[in-house]
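The values are calculated or read from the model by the stated rules, or taken from the named source; none is laboratory data. Everything numeric in this text was worked out from a predicted model, so none of it was measured. When we count neighbours, we look across all protein chains shown, and the Cβ atoms used for this are built from the backbone with ideal geometry, even at glycine. Ligands, DNA and RNA are stripped out before the accessible areas are found, and what is left, the full protein with its side chains, is counted by its heavy atoms. Shrake-Rupley method; radii C 1.70, N 1.55, O 1.52, S 1.80 Å.
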Amino acid sequence: MRPDDQDKSAPAPEAVRRVADKLFLGTEFITWLYFTIVEEGGSIDLGDALPEAMRPPPDDDGKCMVLMAIGKRAVLKTVDTGGARVTLAGAGLDDNGEILQAVRRGALIDTMSLDMSLGHRVYSFSLRADDGGVVGVKLPDLFSEPEDQDAATIRDPLLGPAPKKRRPKLPLEDILALRMQCLDELEAVIDALFARFITRRLARAWHTEDVAGIRKVVARGLKARLVEA
Amino acid sequence: MGALAGSLSYMRFLVDGDPPKNPGPAFEKTLESRRFTPLNPAMEASESAGWVATEAPFDDDLPITRGMFLFGDLVVVSYREDKWAIPKPVLKRETQKRIQQIIDEEKKDPETIGKAFVKAVQDSVLVQLKQKSLPRSKIIDVVWDMSKGEARVFGRGTVVSERLASLFERTFQVRVDVGPWAARAFRLDLGSRAMGVLERLSPGWLFPDPMRAIEDGLDEALTGAGTAPSIGMPKPKPTTTPLPAATATAGDFDTPPWEG
């Protein structure tokens, strides 16, 4: 190295370096979440991790279950240095051989679309690994009661489509409060899942339990496809 | 994509710093000083950026009063960035046309036209084209929850992570971090031992490379040792506190090492 080749720029602050070293946690979290949803059949008990006001009504066993499903789009980031990404779109991503094969070859999930239900409120959104962003959030219908939705489902088809309810014109403050409240709820679930992931990731049993479980799911899925073929 | 209508796409900023005790008047003043100034076709500036009221982002003369941005603990403003987007080929063609017109009208010799003259004509054409068109606007809503120390920024890309973040810091005198998952991990209440484990954590390998496994197996068979140098393949960094499978129990799962 030539003497004038030395990097004389100021080093990045410690906090910035600390975070930059751990950016892999994003893809690891979303990959872990994918397999957690698949393994737990879409029903995740977040227990006391959610604030009381945001907990869904308890089921027959008294558990507050959050229902989650894999959406229709997933982006996988390959391990090579080129940073190539593979996008899979369509239904049935929760049982997709392409994802299993890609993970088997070292890829991790970078972006994943999800559907989530908290009681009668249903959210659709995508999680991004790189910047922690939440993309394409579709909020539940904020202006109709659950019983209205039930009534809509039993409507006689001969009567044609139900007339669209006109949304009340609310002041800016109320619209903002409603929408931000929904995002608070969504983020509370995401943050609770992330906290659970970090707790497991730092535990001794990460390799023997979580990683082993993921490998098992991948092996089982790929084997089933081999037998089918 | 804004905060008030339609589907939402946003980034979560971690805001570090305490807001003033009386944020209304304080922020009113700082927002006013960094309010968006509309572009003027006659001016040289090709872009302009600043804060506008979320309720009326295109009312350029409207001052941002506290009633428009402060809703309890929420500070709601929008970042507006306007840019002239005159396509270069159009500018070049129009300039050529104008020069030709001047040559025809004034019977000028084309050989005597210098670079400075062409530049002057081009500037004049640019002003005319700007007058005929509207600047391209980008509006990004920002909702800062002062009680949580987080801001939702309804946009993405370098505009958000650099320009908006910088303006936000200067306006509200706080420090913001684009909050990737790693930054959130360090904000969790984990305890000092777990934080130490997190500090040393390296990427986990769900499926270590099969080639490396073969290498390891070969090396083990030849030397009887468990460690083998990898040939051309990246070797995974050791995990924080590996535990042999035989000694791991279901209880380990619920008992993180820092609690033992």
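Structure data summary
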| item | result |
| --- | --- |
| B/A buried area, accessible surface, summed, 1.4 Å probe, Å² | 5300 |
| Spin-label pair A:D61/B:T37, simplified geometry with 7 Å Cα→Cβ offset, distance in nm | 6.4 |
| Heavy atoms of B:F186 accessible to a 1.4 Å probe, total area in Å² rounded to 10 | 30 |
| Global geometry of segment B:88-128, whether rounded, prolate or oblate, following the gyration tensor of its Cα atoms and the 1.5 cut on a/c | prolate |
| Label-to-label distance, nm, for residues given as A:R121 and B:R98 (7 Å Cα→Cβ offset) | 5.7 |
| Pairwise label distance in nanometres, B:Q131 with A:A15, each label 7 Å out on the Cα-Cβ vector | 5.1 |
| Estimated FRET transfer efficiency (A:R215, B:S124; beta-carbon r; R0 45 Å; 0.05) | 0.05 |
| Förster-model FRET efficiency, 22 Å R0, A:Q101 and A:D130, C-beta, rounded to 0.05 | 0.45 |
| 12 Å beta-carbon shell around A:M112, net charge (K/R +1, D/E -1) | +1 |
| In Å², nearest 10: area of B:S33 left accessible to a 1.4 Å probe | 90 |
| Too-long pairs where the Cα-Cα distance tops 31 Å, listed order kept, from A:K138/A:K216; A:K169/B:K21; A:K169/B:K132; A:K63/A:K216 | A:K138/A:K216; A:K169/B:K21; A:K169/B:K132 |
| Unsatisfied cross-links (Cα-Cα over 26 Å) in the set A:K72/A:K223; A:K72/B:K138; B:K97/B:K130; A:K77/B:K148 | A:K72/B:K138; A:K77/B:K148 |
| A:G71 long-range amide H proximity, modeled H, under 5 Å | A:S113, A:L114, A:D115 |
| Where the Cα pairs of segment B:96-150 fall when distances are cut into 5 Å bins, in % | 4, 14, 16, 14, 9, 7, 6, 5, 6, 5, 5, 4, 3, 2, 0 |
